[in-house]
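**Q** There's a structure below that I have some questions on.
The values are calculated or read from the model by the stated rules, or taken from the named source; none is laboratory data. Remember, it's a predicted structure, so these values are computed and weren't measured experimentally. Here Cβ is always computed from backbone atoms with ideal geometry, including for glycine, and neighbour counts include all displayed protein chains.
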């Protein structure tokens, strides 16, 4: 047995890089999308790919891309598998490109604050390497130790410190990629350029549909001189969001600003819960004198906005536990279907979306939790990060209940004037809602780009672009 | 007489919007590229377009785009004509789309810090309108009163306050456009999105080759509480650039940081010139306490880096005179060919590029001035803004001398590891150097995009994309 593509790939890049052993195939059938885990548990497992290709160089990637395109075989780029939107689901006819084997640090440049990595580099490792030089990438997704730098770019990620340090598009200096036609792209030569459309943005967020990201160079920061914490209670979510708006629009920029509704405060910080109050936590970083000025400025605004000080140790508690999560299986085996859904909206729309979405979730079959926090702040608005948990009586309804929760949040957000995808990407779970964000014109342009770059559609089919 | 396209356009959008009077055609034969002015003076004037179309609505633009495409007639979008790279040069067979007639303010939203304008809105007017609400766009190109907000997007502009407030891509919330196929695009629904490639970046910097920008919505800032000035002398350009590097990498972010070499200091600020020193000027804006902290931080670094304080009134002098320029004709009629050329590079490459480019300019026929200042600072590097002035003995050599200056700066920059286009765009003057920035892969991708969006190539032909 064995598909002819296996031998063709082996001839192109060497048999050792073309894995067909069961363990390797099993492990990379899908990413960390909860619905794929549910499918596994309920006897609908995603099939194994034809093979898993483990490139060692850009030349290997070029050869794999060309081979798959020429042979009409779907190619699915796979970083470290931490995506949560179904950006990777295997197919028995597809080849999986395991970028974890391209994981070199190319250079760390302390003068120009640049660090360059192969796309498969683990994010936490990359951060620790630059930290040895007193530097930071400043990108702290919850998955930082489980995700790759190429995955950050491909999914257009944002980390927990994005309010101060920006999202991935604000940190990326250059992107290396192999396009579907096998051409090699190095996009981003200078600190800034007015040299036509910014080609890095064709790859950022494309989720493997426009090519394979093979390398990422970051514009770093020096580790901050001072770090300080503040925390406040707000009587309502709306009042707390309004205070955050005033703070950031006044020219202060805490690197972290998060606000938990009462449900999440009681669930995550029971020792710090305060009646029905929302809890706001902030981290302030930078030169010591700037941090001191910001602390005074933020406290003054908090007082004017009638926030109450909260015990500041809650911030350290968040920081220490922020990336510790139960695995999906703990919930699924208990019959609970859970997920998080992040959206964003302008300031005057966000409280309405919070209200409408959490109310709508209450009508879901078996709903147990429908809560939210904010975690990424902009001058123009803020995100919300919804958490839902439902326990339908019949476990066979879990998929339907899951899709119902997503539909309610996406449609409530769109109707309320928000954007349906803040920082996890589109994958499969959102692709039928993306038109709310892009409009007919945007969808048409996205299809035009895809058709131009990948006319046969072999690069990660089924992701990002709506089916019809 | 009259081309059939005139009647077809008149039928599509009304004859009053299709101008054929000589004054209107004459005025819009080209933008503010000095070579077009030289051509005018030396008897090689750019021809008039077939007609100038003055749309009043997006529907008008759609009709014009469709009409030109269907009739195989080139369409040249024209903002307010302040471009300096030859992005607009007319042709007797082309239709010119005068966006200045679409100049409404759509809304100013003080809560979400958004302001939305038709693309033809004058930049200075837009800024003054938001200023009435205590807000600022924060984009201050030298051409602010001569340029349109759509032009800012189409050329990927950066203003004088970019170090603190970012370049156009950091300020644009959404872009409205009519694509070459007549589809309407509204790109940018939310404060931030991970919803595929960022489609705004297809239009930003495309210089009219990928469609017509019809509207721009900005993410504003509140007017700062405090503004302060500092100024320093550096013994050499290299020492001053190094001090700037330390300041910005320490986490301080003066909204303006500029550094003039000795030649430009003597020319622009004769009362403040100090031997062969370079002159650094900075503006600090924000909440008062943050500005105070920054002033102390910057002065401390300046002392460590052995900069000498300069009389601070030089900053006000710069600010007041910053947008006053002689017209090209003053120079050209004197037989002087002049221009400015902006590039950028990582910190450790910029001093070498400064040295090599200014030295190379000394070898140009009739060179009088080859100087530079820096004006836009990033964590990873900085720009340089070269000025050249040459007086070749034979006025017929002015074009050749001009091209020689550009070639020397572009090639020296590329060889030295910099990017050849910082914020004026590509137009015609740089299109044969853009491959230095984009590489073969980038040029191929740019051509792929152009072919996909505009297969007949009718949108602003001859600009941005290299001829061969």
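**Q** Which of (1) surrounded by 24 or more Cβ atoms within 10 Å (Cβ to Cβ); (2) away from chain B (no Cβ under 14 Å) is the odd one out, the single condition residue A:262 does not satisfy?
**A** Looking at each condition in turn, residue A:262 falls short on (1).
**Q** Here's something else I'd like to know. Looking at (1) more than 16 Å from residue A:251 (Cβ to Cβ); (2) crowded, with 20+ Cβ neighbours inside 10 Å; (3) out of contact with any strand residue (DSSP E or B) (no Cβ under 7 Å at 6 or more places or on another chain); (4) within 14 Å of chain B (Cβ to nearest Cβ), which is the one condition that is false for residue A:341?
**A** Of the numbered conditions (1) more than 16 Å from residue A:251 (Cβ to Cβ); (2) crowded, with 20+ Cβ neighbours inside 10 Å; (3) out of contact with any strand residue (DSSP E or B) (no Cβ under 7 Å at 6 or more places or on another chain); (4) within 14 Å of chain B (Cβ to nearest Cβ), the odd one out for residue A:341 is (3).
**Q** If you don't mind, there's one more thing I want to ask. If you go through segment A:274-296, how many residues are over 17 Å from residue A:256 (Cα atoms) and surrounded by 19 or more Cβ atoms within 10 Å (Cβ to Cβ)?
**A** Number satisfying all stated conditions: 2.
**Q** Now, a different point. Could you check segment B:379-404 and list, in sequence order, the residues that are surrounded by 24 or more Cβ atoms within 10 Å (Cβ to Cβ) and under 19 Å from the mean Cα position of the chain (by Cα)?
**A** B:381, B:382, B:383, B:384, B:386, B:388
**Q** Moving on to the next point. Can you give me the number of residues within segment A:180-206 that are touching a helix residue (DSSP H, G or I) at 6+ places or on another chain (Cβ under 6 Å) and in contact (Cβ under 8 Å) with a residue 60 or more places away in the chain?
**A** Result for segment A:180-206: 3.
**Q** Which one of these does residue A:273 not meet: (1) in contact with a helix residue (DSSP H, G or I) (Cβ under 7 Å, 6 or more places away or on another chain); (2) under 30 Å from residue B:288 (Cα atoms)?
**A** Tallying (1) in contact with a helix residue (DSSP H, G or I) (Cβ under 7 Å, 6 or more places away or on another chain); (2) under 30 Å from residue B:288 (Cα atoms), residue A:273 fails exactly one: (2).
**Q** In segment B:25-36, what residues are over 9 Å from residue B:328 (Cβ atoms) and in contact with a helix residue (DSSP H, G or I) (Cβ under 8 Å, 6 or more places away or on another chain)?
**A** B:29, B:30, B:35
**Q** Something else now. So which residues in segment A:87-111 are within 16 Å of residue A:151 (Cβ to Cβ), surrounded by fewer than 24 Cβ atoms within 10 Å (Cβ to Cβ) and in contact with a helix residue (DSSP H, G or I) (Cβ under 7 Å, 6 or more places away or on another chain), if there are any at all?
**A** Hit for segment A:87-111 is A:89, nothing else.
**Q** Could you grab the pairs with beta carbons closer than 6 Å, sequence gap of 6+ or different chains, first residue in segment A:231-256 and on the phi < 0 side of the Ramachandran plot and within 14 Å of chain B (Cβ to nearest Cβ), second one in a strand (DSSP E or B) and modelled with pLDDT of 95 or more?
**A** These pairs meet every condition: A:244/A:257; A:244/A:377; A:248/A:377; A:249/B:222; A:254/A:282; A:254/A:284; A:255/A:283; A:255/A:285.
**Q** Those residues that are facing another protein chain (nearest Cβ under 10 Å), closer than 23 Å to residue B:352 by Cα and either at pLDDT below 95 or more than 20 Å from the chain's Cα centre (by Cα) (or both), I need them from segment B:412-468; list them, please.
**A** Hits for segment B:412-468 are B:417, B:439.
**Q** Still on this model: Quick test for you: out of B:291, B:315, pick the one residue that is within 14 Å of chain A (Cβ to nearest Cβ), out of contact with any helix residue (DSSP H, G or I) (no Cβ under 8 Å at 6 or more places or on another chain) and at negative phi. Write out each step before concluding.
**A** On the way: B:315 fails: within 14 Å of chain A (Cβ to nearest Cβ).
Testing whether each residue is within 14 Å of chain A (Cβ to nearest Cβ), out of contact with any helix residue (DSSP H, G or I) (no Cβ under 8 Å at 6 or more places or on another chain) and at negative phi leaves just B:291.
**Q** Could you say whether any residue in segment B:37-55 is within 29 Å of residue B:255 (Cα to Cα) and touching a helix residue (DSSP H, G or I) at 6+ places or on another chain (Cβ under 8 Å)?
**A** No, that holds for no residue.
**Q** Return the residues of segment B:210-247 that are surrounded by fewer than 22 Cβ atoms within 10 Å (Cβ to Cβ), under 21 Å from residue A:110 (Cβ atoms) and in contact with a strand residue (DSSP E or B) (Cβ under 6 Å, 6 or more places away or on another chain); say none if nothing qualifies.
**A** Hits for segment B:210-247: nothing passes.
**Q** Another question, then. Report yes if some residue within segment B:112-127 is assigned to a helix (DSSP H, G or I), out of contact with any strand residue (DSSP E or B) (no Cβ under 8 Å at 6 or more places or on another chain) and either surrounded by fewer than 24 Cβ atoms within 10 Å (Cβ to Cβ) or at pLDDT below 95 (or both); otherwise report no.
**A** Checked against the condition, which is being assigned to a helix (DSSP H, G or I), out of contact with any strand residue (DSSP E or B) (no Cβ under 8 Å at 6 or more places or on another chain) and either surrounded by fewer than 24 Cβ atoms within 10 Å (Cβ to Cβ) or at pLDDT below 95 (or both), segment B:112-127 yields at least one hit.
**Q** Quickly run through segment A:211-230 and pick out the residues that are farther than 22 Å from residue A:153 by Cα and within 9 Å of chain B (Cβ to nearest Cβ).
**A** A:224, A:225
**Q** Restricting attention to segment A:161-195, which residues are within 23 Å of the chain's Cα centre (by Cα) and at positive phi?
**A** A:166, A:188
**Q** Only one of (1) within 14 Å of another protein chain (Cβ to nearest Cβ); (2) within 26 Å of the chain's Cα centre (by Cα) fails for residue A:327. Which number is that?
**A** (1)
**Q** Inside segment B:69-89, can you point out the residues that are part of a loop (DSSP other than H, G, I, E, B) and in contact with a strand residue (DSSP E or B) (Cβ under 6 Å, 6 or more places away or on another chain)?
**A** Hits for segment B:69-89 are B:73, B:79, B:80, B:88.
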